[in-house]
Amino acid sequence: MTSVLVFGAHGQLARALAACLWPRPWRLRFIDRTACDLTDFAAVRQTILGAKPDVILNAAAYTAVDQAESEPDIAWAVNALAPAAMAEAAACVGAALLHVSSDYVFSGSLGPAWAEEDETRPLNVYGATKVASEQAVRAALPRHLIVRTAWVFDQTGRNFVTTMLRLGRGSSKLSVVNDQFGRPTAAGDLARALVHMVHAAVTMDSGWGTYHVTNSGPTVMWAGFADAIFQAASPWYGRQPEIAPMRACDYLSAARRPTNSVLNTAKAQHTFGLTLRPWEDALRAALAQPLPGYCIARAHAA
């Protein structure tokens with residue numbers, strides 16, 4: 001029996017992990033903030049020391065990027081210090097740790113896709129906390145997987161897809177940034193990749209390290225992603241808003257974002273045989289049916 005402790009039970013990634021088909025006889029236990037406050041590092045350690053899991057999967061994060069600029073203490077506690085406590089406790093009980101990180105560790109300058117060994121130069125507090133978390137995990141625990149991903153979406157969480165669909169219901173025109181680009185990642189596809197990676201690494205006791213995992217497909221600007229969202233939802237969404245491209249510098253936000261969020265996934269492909277489907281296919285699958293709270297538009301229901 002392999003026991004797995006998953007932090008961040010109510011997040012979109014943890015929900016996707018719960019829906020995955022896990023290998024037998026792996027047993028999962030999901031931890032939410034009521035069971036363990038991630039700002040209480042003694043509680044984090046005690047949760048792990050008490051459970052003595054074989055694998056820890058950290059899907060928890062403070063992801064309010066703009067708010068992190070005004071709440072750095074909370075962001076640092078959840079994103080950096082809690083993973084450090086997890087890694088230290090994992091070392092004590094002999095557990096492996098899979099920690100999810102972000103494209104925001106990079107500066108986002110124009111150029112090719114980011115590789116795992118490229119220099120990390122975050123532009124904001126959120127990115128800095130993720131860099132610190134990676135450093136802490138590497139220092140404390142050899143048996144780790146750090147998986148950077150980008151632009152994660154699903155049908156129910158708070159993400160770009162659900163935000164666009166919500167805003168589009170009340171507006172005929174949406175202004176969306178058109179000079180930042182990346183590859184979207186479906187939470188379900190990411191979750192299945194994580195299950196595959198951690199199972200392979202634990203079984204073979206090899207492959208530990210840092211990896212990039214996103215869906216495949218062409219790079220896209222945020223405005224292009226928004227267009228694709230409304231096109232995928234068109235059979236049931238109804239009237240689609242006009243997408244008005246805008247420059248990032250004209251969008252008022254507390255935190256700077258990377259211009260280039262494209263991650264090179266060749267290492268994960270080579271080590272684990274992972275090639276995720278194109279993000280357009282994942283998006284169409286996610287929006288094939290009306291989302292909760294949406295009805296099929298009358299224009300398409302006749």
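Here are the numbers for this structure:
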{"quantity": "Hz values of 3J(HN,Hα) by residue in the range 19-31 - Karplus curve (6.51, -1.76, 1.60), Gly and Pro given as x", "calculated": "7, 6, 8, 8, x, 8, x, 7, 10, 9, 10, 9, 10"}
{"quantity": "FRET efficiency, 1/(1 + (r/R0)^6) with R0 45 Å, evaluated for residue 21 and residue 252 via beta carbons", "calculated": "0.55"}
{"quantity": "Rg/Rh (Cα only; Kirkwood hydrodynamic radius) as it applies to the chain", "calculated": "0.97"}
{"quantity": "Length-normalised contact order for the range 151-255 - Cα pairs under 8 Å, 6+ apart - percent", "calculated": "40 percent"}
{"quantity": "Helix 187-204 axis, angle to the chain major axis (alpha carbon atoms, nearest 10°)", "calculated": "20 degrees"}
{"quantity": "The range 136-251 - share of DSSP beta bridges that are antiparallel (%, nearest 5)", "calculated": "15 percent"}
{"quantity": "Share of carbon and sulfur in the accessible heavy-atom surface of the range 40-132 [1.4 Å probe, %]", "calculated": "54 percent"}
{"quantity": "Probe 1.4 Å, protein heavy atoms only - accessible area per residue of the chain in square angstrom", "calculated": "46 Å²"}
{"quantity": "Nearest-ten-degree value, helix 125-140 long axis tilted from longest Cα axis of the chain", "calculated": "30 degrees"}
{"quantity": "Top of 76, 114, 236 by mean-square fluctuation, Gaussian network on the chain, Cα under 10 Å", "calculated": "236"}
{"quantity": "Under Karplus coefficients 6.51, -1.76 and 1.60, residue-wise ³J(HN,Hα) of the range 220-233 in Hz, glycine/proline x", "calculated": "8, 7, 4, 5, x, 4, 4, 4, 5, 4, 6, 5, 5, 8"}
{"quantity": "Between 0 and 90°, nearest 10: helix 41-51 axis offset from the chain longest Cα axis", "calculated": "70 degrees"}
{"quantity": "Global geometry of the range 201-302, whether rounded, prolate or oblate, following the gyration tensor of its Cα atoms and the 1.5 cut on a/c", "calculated": "oblate"}
{"quantity": "Computed FRET value (nearest 0.05) for residue 70 with residue 167, which takes r as the C-beta separation and R₀ as 35 Å", "calculated": "0.90"}
{"quantity": "Other-chain or far-sequence residues with amide H under 5 Å of residue 211's (modelled H)", "calculated": "146, 147, 148"}
{"quantity": "Sequence of 45, 148, 166, 158 from largest to smallest accessible area, 1.4 Å probe", "calculated": "158, 166, 45, 148"}
{"quantity": "Rounded to 5, the percent of DSSP beta bridges in the chain classed as antiparallel", "calculated": "5 percent"}
{"quantity": "DSSP loop GluC sites (Glu not before Pro) with at most 16 other Cβ within 10 Å excluded, longest remaining stretch of the chain", "calculated": "120-302"}
{"quantity": "Gyration tensor verdict on the range 1-59 (Cα atoms; rounded if a/c is under 1.5, prolate if a/b is larger than b/c, oblate otherwise)", "calculated": "oblate"}
{"quantity": "Paramagnetic reach from residue 135 (point 7 Å along Cα→Cβ, amide N under 12 Å) across the range 102-124", "calculated": "120-122"}
{"quantity": "Inter-site label distance for residue 92 and residue 236 at 7 Å from Cα along Cβ, in nm", "calculated": "4.7 nm"}
{"quantity": "In nm, spacing of pseudo-spin labels at residue 281 and residue 3 (7 Å Cα→C-beta vector)", "calculated": "3.9 nm"}
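The values are calculated or read from the model by the stated rules, or taken from the named source; none is laboratory data. Given the structure is predicted, the values throughout are model-derived calculations rather than measurements. Neighbour counts run over all protein chains shown; Cβ positions are idealised from the backbone, glycine included. What goes into the accessible areas is simple: the full protein's heavy atoms, side chains included, and nothing from ligands, DNA or RNA. Shrake-Rupley method; radii C 1.70, N 1.55, O 1.52, S 1.80 Å.
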